[in-house]
Amino acid sequence: MSLQITVAAPFKQMHKGELEKNQFVFFLALDRKWLNVEQANTVLRRGESTGLLCVKDGKVVPLFDLSSVTVPLGFRPGPEVVEAPDPLRDLVGRIASSTGKDVNEVTAEMNGVIDEEFDGKLQPAAAAVMLARRYGVAWQDLLPALRESVLQKK
């Protein structure tokens, strides 16, 4: 949600439906001083890859209804807007909060599944899914992202 607010802010502030790429980056990096130029470009790429923005011929256009987003007074994007989402970390966090265990305990248990049950021949994402199933933790919504992260690591 923070990414959507961050990419909506330049359009809402400037009252425009499309911006030049440099205007978008300028707003985030120099006007608001929320991010540096490299981070602002990362936000632009993440907005495009998540389907929030379309960049074509140097123009940036939002692909969502800007009126549905409110930029809170004093809003400042957190570090999550420039970090790539990590579905494995998210799933381990879900398992930890659901079971009341520490993230390190869940990670150790996941490594135990890999080493003891599969002789080290199992991807961490698959081990996390197995733990999620054992504990009845929802994981299905993360499956496409988990699958993609496994394919990228090969």
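All of the numbers you see were taken from the coordinates with simple rules; none came from a lab. In this text the structure is predicted, and so the values were computed from the model without any measurement. Cβ sites come from the backbone with ideal geometry, for glycine too, and all protein chains shown count toward neighbours.
Any residue at all in segment 25-32 that is out of contact with any Leu (no Cβ under 9 Å at 6 or more places or on another chain) and aliphatic (A, V, I, L, M)? Scanning segment 25-32, I find at least one residue that is out of contact with any Leu (no Cβ under 9 Å at 6 or more places or on another chain) and aliphatic (A, V, I, L, M), so the answer is yes. Annotation: residue 91 fulfils all but one of (1) surrounded by 13 or more Cβ atoms within 10 Å (Cβ to Cβ); (2) under 20 Å from residue 41 (Cβ atoms); (3) not acidic (Asp, Glu); the unmet one is (2).
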